Structure formats: structure tokens, C-alpha cells
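S.K.: Please find one structure pasted underneath; my questions will follow.
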Amino acid sequence: MVVDLGKRKIYQRQWYLKNKEREHQKQAARYWGDHEKALEWSRQYRIKNAKHLEEYGRKWRVLNRAHYRKVKKEYLFKKRMELIQRMGGKCVRCSMADWRCLAIDHIYGGGHLERKQFSGNQQRYLKHILGSVSTGQDRYQLLCYNCNRIKQHEKKEWGMLCR
């Protein structure tokens with residue numbers, strides 16, 4: 001029996017379009033019916049194929065550098081704005097509310113050492129600060145750049161700038 005692949009493909013496409021909703025419902029039922037099992041499978045797959053996935057991600061970021069940078073920049077901006085809103089949205093000293101001039105200040109100093117722990121990974125660093133602010137820790141405050149510089153001068157918080 002010889003099957004014309006062109007006709008078969010057309011038939012399969014027509015069948016799919018006719019039954020698309022039903023197939024989506026079946027897939028959703030399979031996924032959500034045993035959601036924990038699906039998540040566990042996904043976890044195990046990521047563990048088993050960690051090196052392959054890491055290499056794939058690295059190659060993808062190289063090939064799609066412009067898109068990756070754009071998405072990362074948008075994500076960091078969104079997280080920074082969320083952090084500013086959670087911290088009150090204005091300088092605690094002079095009440096300046098322009099987000100472009102606001103800086104996240106470490107109340108007790110040592111910000112350069114904390115940033116060093118994250119090895120330049122801004123995403124993880126912002127998540128860390130967001131977590132601290134969300135749990136109510138008072139280690140950070142919002143200052144405008146002028147007030148931040150004045151505070152550094154008053155408390156002699158030079159950090160790595162003078163070394």
C-alpha cells in the first residue's frame with residue numbers, strides 16, 4: 001500500500017484544526033491531572049541533563065545576544081522598580097521621588113562586600129535585597145544619590161573607592 005505523504009499531511013493538519021480544542025484539553029488534563037508527577041519529571045530531567053542544558057543556554061545566549069540583553073535589561077528594570085516601590089518610592093532624607101536618582105543604600109555600610117558575594121550577578125543581588133525587604137529586615141534604605149554621597153562622607157564609608 002502506497003500512501004501519498006502530501007495528502008496524509010493535509011489530512012492530519014485538517015484533523016488537528018478540527019480537533020484542536022479537544023487535544024488541548026486532553027494535554028491539559030494529563031499535565032494538571034498529575035501535576036506533581038510532571039514537576040518531578042521536569043526536575044529529574046534538569047538534573048540528569050544539566051551540562052547539556054547549560055551548554056544549550058550558553059549557545060542560545062551567544063546566538064541571540066541582542067535579544068538576551070534586551071530581556072535581561074527589562075527584567076532588571078522591573079525588579080528595581082518593584083524594589084523601589086516596596087521601599088517607599090522616595091528618599092528617606094529629602095523625599096525625592098524621581099526613580100532615576102534613587103539608590104539602594106546599606107544602612108550599616110559594607111555594601112561593596114555584599115555586592116562582591118554575588119560576583120556581579122545583578123539578578124541574584126536584586127532578588128536577595130528584595131527578599132530582605134519583603135521579610136522586614138531594616139538593612140537597606142532608599143536615598144537619592146546626593147544624600148547617599150553625603151552619608152558616605154559623614155560616616156567615612158569609602159569602601160573600595162579609595163584602595
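S.K.: Order these by the 10 Å Cβ neighbour count, fewest first: Glu40, Glu21.
M.R.: With the fewest neighbours first, Glu40, Glu21 line up as Glu21, Glu40.
S.K.: Lysines near Lys90 by alpha-carbon distance under 19 Å, same-chain residues fewer than 8 away left out - which ones?
M.R.: Lys78, Lys79, Lys151
S.K.: Where does region 45-119 land on Rg(C-alpha)/(2.2 N^0.38 Å)?
M.R.: For region 45-119, the normalised Cα radius of gyration is 1.58.
S.K.: How are the C-alpha pair distances of region 1-61 spread across 10 Å bins, as whole percents from the shortest bin up?
M.R.: In whole percents, the pair-distance histogram is 18, 22, 23, 32, 5.
S.K.: For region 59-163, what are the per-bin percents of Cα-Cα distances with bins 10 Å wide, up to the bin holding the maximum?
M.R.: For region 59-163, the binned pair fractions read 13, 40, 33, 12, 2 percent.
S.K.: Here is a further query. Along the charge dipole of the chain, Cβ charges K/R +1 and D/E -1, which of Ser42, Gly6, Ser134 sits furthest on the positive end?
M.R.: Gly6
S.K.: Using Cα pairs under 8 angstrom and six or more residues apart, how large is the relative contact order of the chain, in percent?
M.R.: 21
S.K.: Comparing Arg124, Arg86, Arg22, which has the greatest mean-square fluctuation in the GNM of the chain with Cα pairs linked when under 10 Å apart?
M.R.: Arg22
All of the numbers you see were taken from the coordinates with simple rules; none came from a lab. Just so it is clear, the model here is predicted, and its values are computed rather than measured. Heads up, the Cβs are rebuilt from the backbone with ideal geometry, glycines too, and the neighbour counts pull from every protein chain shown.
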